[in-house]
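Structure first, then comments.
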Amino acid sequence: MAFVVPCMIQEWWCYLVLLLVAILHLSEVDGSMSAPLASDEERATIFNKWIADNYETKLYLEVRPTPGMRFGAFALRDIKMGRVYSSTPPQLLMGREALQRSDRTTYLQLDINGALLLFLLYEKNKGPDSFWFPYIQLLPTMNDYQHLPSYWPDADLKKGLSGTVCYQNVVGARHGEQKEYEKLKSFLEKHDRVALEYFDWDNFKWARTVRDSRTIWLEGKERQFVPMLDMINCKHHEDPSKIHLTRYGPKKSADTVALWNFKRGEQIWENYGQNNLMYYQFHGFTIQDNVYDCYDLNLESLYYYVDRWARRNGRHFRQVHFCISVRKGIPPDVMNFFAAVAADRANRNELDELDGIRGFEKHLKEKLQGLRLGKTTKWEATKDWIPTVSVDGWMAAREYRRSETRMVKELLRWARDRRLALKAQAEDDEL
């Protein structure tokens, strides 16, 4: 890029302008005033050395650049299914204990979610001086996350995902996102004003995305970044019962068990066993024929009627949020929930399964209509809308919409068949 700044040599301010323009030019080229970023190969080498220097057991993995996936983990030696192949020592885990060892223990006045977000930004801001620099420099950048729906402008989000559960989740989460930002900023104003120099919306957004997509809850209770595990990409297992398992080892290491046999040099995979809503909303992809897929059914809007009926009849419904599929079977509480809505509106004390099926079927028909109405056939600019999301991002959104539509159609067929069976049974009983 060339710059032309007309000025007279006698005008002293001209040199200042030229200097500022040069700085701007360097910033646009490199993204910072520092040296250019290392190549993917160099960054992987830095990470692998850090892992090797800190591991306390035999090392089975190394990270390599992986086309289409940024980075992936590969076997350094043969790995047998069922054995621990990754044992991340406690000093490499980024969680509560890491915070307790740090000079930012004040962050633990927050819950672990906020504390980890601030600690990640603190360590990132330290650059190469951070112990976790080899890991942090492998994490996705803001640009890498632009395909995620949480980064889409409102117009693109509505155009690409309206009618889906993901759309509802992202729109709903934006209020919570703003609320968390304000809460953490207020905390830093009181306890760590130096951090305000780098704590802005973009850095917050990046750290929140990293935290929500790249941490695990070890044994269901302790949220941790597990650096080597984070580099292992997702793949379905032919046996649905074999799902990723990482647990604490005898020395508080994070031990991961192999789900397949791997030969030396092969890429390592984990089956994370999540539904397509989780995969797409937080990672930007879906898996076809996902055996763990389910329809995210949130009945909170109907709880007023159900609770009123339940109080009248000495009952209680604890659950309002379900993830259901025909493959898994429909929990009886779902039908009871819809039946309770009908019973409350009719001022009846008894629950009727047929009422439950009808209510469920009506919900699914409305959902399917919303999915069809929200469908975008072309991702092209019009006089009213110019897309900012790439075609690849739209294609991923379209695959997710198809996945959710398939799930709703399967449930609708099940509900119709169940309704017809109940009606036939009622008619037989009358005879």
Q. Placing +1 at every Lys and Arg Cβ and -1 at every Asp and Glu Cβ, with all other atoms neutral, what dipole size does the range 319-431 have around its Cα centre, in debye to the nearest 20?
A. 720
Q. Once amide H atoms are built 1.01 Å from N in the peptide plane, which residues 5 or more positions from Lys252, or in another chain, come under 5 Å H to H?
A. none
Q | Full-stretch length increase - Glu350, Arg402 - with 0.36 nm per residue and alpha-carbon distance subtracted | A | 14.9 nm
Q: Please work out the average accessible area per residue across the range 40-283, using the 1.4 Å probe convention, and give it in Å².
A: 46
Q.
Just to be sure I understand: with springs between alpha-carbon atoms less than 10 Å apart, which residue in Glu380, Glu410, Glu123 has the highest mean-square fluctuation in the Gaussian network model of the chain?
A. Glu380
**Q.** Share of carbon and sulfur in the accessible heavy-atom surface of the range 40-283 [1.4 Å probe, %]
**A.** 49
Q: Putting +1 on Lys and Arg Cβ atoms and -1 on Asp and Glu Cβ atoms, find which of Ala258, His283, Asn271 reaches farthest to the positive end of the dipole of the range 250-303.
A: Ala258
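Where nothing but the Cβ of Lys and Arg (+1) and of Asp and Glu (-1) is charged, how large is the charge dipole of the range 40-283 around its Cα centre, in debye to the nearest 20?
460
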Q | Separation between Cα centres of the range 116-193 and the range 263-317, rounded to whole Å | A | 22
Q. Taking the chain as a Gaussian network, where each spring joins two C-alpha atoms under 10 Å apart, which residue of Gln109, Gln168, Gln267 fluctuates the most?
A. Gln109
Q) Pick from Leu161, Leu121, Leu354: which is most flexible by mean-square fluctuation in a GNM of the chain where alpha carbon atoms under 10 Å apart are linked? A) Leu354
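Arrange the peptides 113-119, 88-94 so that the one whose residues have, on average, the most other Cβ atoms within 10 Å appears first.
Numbers: 113-119: 21.4, 88-94: 19.7.
Peptide ranking by packing, descending: 113-119, 88-94.
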**Q.** Part-to-part distance (alpha-carbon centres) for the range 202-233 and the range 372-410, which is given in Å
**A.** 28
Q | Simple spin-label estimate for Lys251 and Val326 in nanometres, 7 Å along Cα-Cβ | A | 5.2
Q: Among Thr377, Leu422, Gly72, pick out the residue whose Cα is farthest towards the positive end of the charge dipole of the chain, where Lys and Arg carry +1 and Asp and Glu carry -1 on C-beta, about the Cα centre.
A: Leu422
**Q.** Residues of the range 339-431: accessible area per residue with a 1.4 Å probe, Å²
**A.** 63
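At 0.36 nm per residue, minus the direct Cα-Cα distance, what do Glu300 and Thr57 gain on full extension? Give it in nm, one decimal, please.
Working: separation 243, 0.36 × 243 = 87.48 nm, distance 4.83 nm.
Extra length available between Glu300 and Thr57 comes to 82.7 nm.
Tell me what the chain gives for mean residue ellipticity at 222 nm when only DSSP H runs of n ≥ 4 count, each as -39,500 (n - 2.57), the sum divided by the residue total, rounded to 500 deg cm²/dmol. Intermediate values should be presented prior to the final figure.
Working: 14 runs with 203 residues, N = 431.
Mean residue ellipticity, 222 nm, calculated: -15500 deg cm²/dmol.
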Q) Roughly speaking, what is the stretch gain from Cys234 to Glu97, that is 0.36 nm per residue apart minus the C-alpha to C-alpha distance, in nm to one decimal? A) 46.6 nm
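What number, in percent, do you get for the relative contact order of the chain if the mean sequence gap of Cα pairs under 8 Å and at least 6 apart is divided by its residue count?
Numbers: 542 pairs, mean separation 77.0, N = 431.
Relative contact order comes out at 18 percent.
Work out the FRET efficiency for Val194 and Tyr145 from their Cβ-Cβ distance, taking R0 = 30 Å, and round it to the nearest 0.05.
On the way: r = 26 Å, r/R0 = 0.88.
Here the calculated transfer efficiency is 0.70.
The values are calculated or read from the model by the stated rules, or taken from the named source; none is laboratory data. No experiment lies behind these values; they were computed from the predicted model shown. Cβ coordinates were reconstructed from backbone atoms using ideal geometry, including for glycine residues, and neighbour counts include every protein chain displayed. For accessibility, only protein heavy atoms count, side chains too; no ligands or nucleic acids. Shrake-Rupley method; radii C 1.70, N 1.55, O 1.52, S 1.80 Å.
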